[in-house]
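J.: I have a structure here, written as structure tokens, and I will follow up with some questions on it.
The values are calculated or read from the model by the stated rules, or taken from the named source; none is laboratory data. Quick caveat, the model's predicted, so the values are computed rather than measured. When we count neighbours, we look across all protein chains shown, and the Cβ atoms used for this are built from the backbone with ideal geometry, even at glycine.
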Amino acid sequence: NAGVTQTPKFQVLKTGQSMTLQCAQDMNHNSMYWYRQDPGMGLRLIYYSASEGTTDKGEVPNGYNVSRLNKREFSLRLESAAPSQTSVYFCASSERGWGEKLFFGSGTQLSVL
Amino acid sequence: DQQVKQNSPSLSVQEGRISILNCDYTNSMFDYFLWYKKYPAEGPTFLISISSIKDKNEDGRFTVFLNKSAKHLSLHIVPSQPGDSAVYFCAAKNAGNMLTFGGGTRLMVKP
């Protein structure tokens, strides 16, 4: 009963380094999302994928790219990390596009030095 | 400009008493509202929701109230338990659009 699995749980990068955050869900959900959480800012949408084969920008997409590899997997890539990208990243999924009930992974704590 | 605001960053309540968490929104097009609960080192989990056609929704100890004219919703937890200590996020959406989250309120329930 894994739900939404994110890797890694923690990561420290130097400015300019790249990395990919991985996310997989086993609930056969159509839609997947990447959020970042910053103190006092709540959860802000970076990118989403309403269905396999489609991706769209959210509220704060700059500096990120995504890939919906298949129905299960949705990855987030930072091509050249910046200190402003220090945050906690959450992947989520829902049964249908903008289904109200999102299921979240446990998060990735990313620090960019 | 934040469309969904939780003006209290934290709230402390005694076990057994009522916890009231508040949320204000500015977009009158929002038609569905949700509360999520988040424990440390875990992702948020869905708690309760309400459609704009209702003004109240109950689920056990949790009740959400919606005041559309004031653009205000609140979450009541009665009675509060230590296990309710967490960060609570309200969120809102309108049809076909993304969820917009508030900044969160940290609830501490003291034994």
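J.: Within region A:36-48, is even one residue more than 13 Å from chain B (Cβ to nearest Cβ) and surrounded by 15 or more Cβ atoms within 10 Å (Cβ to Cβ)?
T.: No, region A:36-48 contains no residue that is more than 13 Å from chain B (Cβ to nearest Cβ) and surrounded by 15 or more Cβ atoms within 10 Å (Cβ to Cβ).
J.: Do you know which of the residues in region A:87-113 that are within 7 Å of chain B (Cβ to nearest Cβ) and modelled with pLDDT of 95 or more is nearest to A:PHE10 (Cα to Cα)?
T.: So the residue we want is A:GLY107.
J.: Given the condition in contact with a His (Cβ under 9 Å, 6 or more places away or on another chain) and either of a type in the set (Gly, Ala, Ser) or surrounded by 14 or more Cβ atoms within 10 Å (Cβ to Cβ) (or both), answer yes or no: does some residue in region A:51-70 qualify?
T.: Scanning region A:51-70, I find no residue that is in contact with a His (Cβ under 9 Å, 6 or more places away or on another chain) and either of a type in the set (Gly, Ala, Ser) or surrounded by 14 or more Cβ atoms within 10 Å (Cβ to Cβ) (or both), so the answer is no.
J.: Find the residue count for region B:6-32, including only residues that are under 17 Å from B:LYS68 (Cβ atoms) and either more than 10 Å from chain A (Cβ to nearest Cβ) or modelled with pLDDT of 95 or more (or both).
T.: So the answer is 10.
J.: Filter the strands (runs of 3 or more DSSP E) completely within region B:4-45 down to those with at least 1 residues that are under 30 Å from A:CYS23 (Cα atoms).
T.: Hits in region B:4-45: B:32-38.
J.: Does region B:36-45 contain at least one residue that is in contact with a Leu (Cβ under 9 Å, 6 or more places away or on another chain) and among the β-branched types (Val, Ile, Thr)?
T.: no
J.: I've got another one for you. Conditions first: (1) touching a Gly at 6+ places or on another chain (Cβ under 7 Å); (2) assigned to a loop (DSSP other than H, G, I, E, B); (3) under 25 Å from A:CYS91 (Cβ atoms). B:SER80 passes all but one, so which condition is the exception?
T.: So B:SER80 meets the others, but not (3).
J.: Now for a separate question. Just to be sure, is A:GLN11 more than 12 Å from the chain's Cα centre (by Cα) and in contact (Cβ under 8 Å) with a residue 40 or more places away in the chain?
T.: yes
J.: I'm checking my understanding of the structure. Among residues of region A:35-63 that are assigned to a strand (DSSP E or B), more than 11 Å from A:SER87 (Cβ to Cβ) and of a type outside the set (D, E, K, R), which one is farthest from the chain's Cα centre (by Cα)?
T.: For region A:35-63, the residue satisfying everything is A:GLY42.
J.: Still on this structure: Which one is surrounded by the fewest Cβ atoms within 10 Å (Cβ to Cβ), of the residues in region B:49-63 that are over 15 Å from B:ILE20 (Cβ atoms) and touching an Asp or Glu at 6+ places or on another chain (Cβ under 9 Å)?
T.: B:ILE53
J.: Within the bounds of region B:55-75, is there any residue that is in a loop (DSSP other than H, G, I, E, B) and in contact with a Lys or Arg (Cβ under 7 Å, 6 or more places away or on another chain)?
T.: For region B:55-75, residues in a loop (DSSP other than H, G, I, E, B) and in contact with a Lys or Arg (Cβ under 7 Å, 6 or more places away or on another chain): absent.
J.: Checking A:GLN6 against (1) farther than 30 Å from B:GLN6 by Cα; (2) touching a Cys at 6+ places or on another chain (Cβ under 7 Å); (3) not basic (Lys, Arg), which test does it fail?
T.: It is condition (1) that A:GLN6 fails.
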